[in-house]
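Below is one structure, written out as structure tokens, with a few remarks after it.
Throughout, read-outs are computed from the coordinates displayed, never taken from laboratory work. Since the model is a prediction, treat every value here as computed from it, not as a measurement. So basically every Cβ, Gly included, is an ideal-geometry build from the backbone, and we count neighbours across all protein chains shown.
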Amino acid sequence: MGNLFKTAILLAALTCLVVLIGGAIGGQQGMLIAFVLAAGMNFASYWFSDRIVLSMYRARPVDEASAPGLYAVVRRLATRRICVSCQTNADPKATDRCLKCGGRLEQRADDNQDVVRERLNVYVRETKPVLEFYRERPTFRVVNGAQASDKVAQELDMMIDDAAAARA
Ligand SMILES: [Zn+2]
């Protein structure tokens, strides 16, 4: 059964209930007042149910100060550019030309908001459980992947050396 149909049946049943209660309290006039009230409630629940659900879950808009990681990921994915000539990811410092070969930089057509959202969904569904599984282990380490790639490699090397020294 369609959700819209189920919603309509539910709202109709609630309207009947409200009108019956109105009738029990105030007779015909009570029924009329109750009907107007129910119509208003239906209107509100149909048009504002999204906001009602969001507030039930205490949803709130995030800004960069409260979710810097999320902002960084979305910005990184949405502003990424590819060199048309050598097909590598452009250095973020590059303006309009590739720093390696001087080729033209273009944003990939599929680096849009929907793709970013789907990547975040995949992260929550598939990557995050793995992260949570290993997080409690004593050998778990965190590397900031937003740094330059040589800095990331350097930190990884140091961690592997430390782990090897600890085992020896
Ligand atoms: Zn290039």
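Cβ-Cβ distance of Y123 and L17, R₀ of 45 Å, FRET efficiency by 1/(1 + (r/R0)^6): the value works out to about 0.50. Only lysines eight or more places from K93 in sequence, or on another chain, were considered; those with a Cα closer than 29 Å are K151.
Between beta-carbons, use under 15 Å as the cut-off and find the net charge around F140, counting Lys and Arg +1, Asp and Glu -1. Around F140, the surrounding residues sum to 0.
Angle of helix 113-122 to the longest C-alpha principal axis of the chain, folded into 0 to 90 degrees and rounded to 10: 80°. In terms of overall dimensions, the chain has a Cα radius of gyration and Dmax of 28.0, 89 angstrom.
The mean sequence separation of alpha-carbon pairs under 8 Å and at least six residues apart, normalised by the residue count of the chain, gives a relative contact order of 10 percent.
Using θ = phi - 60° in the Karplus curve 6.51 cos²θ - 1.76 cosθ + 1.60, the 3J(HN,Hα) couplings for segment 10-23 round to 4, 5, 5, 5, 5, 4, 4, 4, 4, 5, 5, 5, x, x Hz; x is entered for Gly and Pro. R0 = 41 Å: FRET efficiency of I9 with A109, Cβ-based, nearest 0.05? That pair, I9 with A109, gives E of 0.40.
Our coupling estimate for segment 133-148, obtained by passing each phi through the Karplus curve with A = 6.51, B = -1.76, C = 1.60 and θ = phi - 60°, is 4, 8, 4, 7, 6, x, 8, 5, 10, 10, 10, 6, x, 7, 6, 4 Hz, Gly and Pro reported as x. For segment 64-136, the normalised intensity computed at q = 0.12, 0.15, 0.18 Å⁻¹ comes to -0.45, -0.65, -0.81 (log10 of I(q)/I(0), Debye sum over alpha carbons, equal scatterers, no solvent). Remark: the D96-V62 segment gains 9.1 nm on full extension, using 0.36 nm per residue and subtracting the alpha carbon distance. Extending 7 Å from the Cα toward the beta-carbon at both A146 and A72 defines two label points whose distance is 0.3 nm.
Applying 0.36 nm per residue to the separation of R135 and Y46 and subtracting their alpha-carbon distance, the gain on full extension is 27.7 nm. The label-point distance for L54 and D157, in a model that sets each label 7 Å from Cα toward Cβ, rounds to 4.8 nm.
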